[in-house]
Amino acid sequence: NYFLPLFGLSPKLGPIADWGLNLDKNAITVDTLDYSTNIEGIFAIGDINTYPGKLKLILCGVHEATLMV
């Protein structure tokens, strides 16, 4: 598993966009059960992910981190 902390007001995927992750408008799609991506061992939380009903709020990122762990 990998932990890639990113901080910024405007999330950009950079080289991560070439990893083969499922993307939707420059955001990584995740399963909200555990915030896993389509690649085993890679998880995404915070403003860099997307799912139905996603809100880009700090509180949501903290909530996602708790559920992911």
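The values are calculated or read from the model by the stated rules, or taken from the named source; none is laboratory data. Quick caveat: nothing in here was measured; it's all calculated off a predicted structure. The accessibility values were calculated without ligands, DNA or RNA, using every heavy atom of the protein model including side chains. Shrake-Rupley method; radii C 1.70, N 1.55, O 1.52, S 1.80 Å.
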HN-Hα J couplings of segment 55-63 from phi, Karplus 6.51/-1.76/1.60, θ = phi - 60°, integer Hz, Gly and Pro as x? 10, 8, 10, 4, 4, 5, x, 5, 4
Cα gyration tensor of segment 22-69 diagonalised, 5x eigenvalues square-rooted, in angstrom largest first, produces semi-axes 15, 13, 8
What's the extension gain from Ile39 to Trp19 if we count 0.36 nm per residue and subtract their Cα-Cα distance? 6.3 nm
Can you give me the accessible area per residue for segment 30-69, using a 1.4 Å probe, in Å²? 63 Å²
Roughly speaking, what is the stretch gain from Asp31 to Lys54, that is 0.36 nm per residue apart minus the C-alpha to C-alpha distance, in nm to one decimal? 7.1 nm
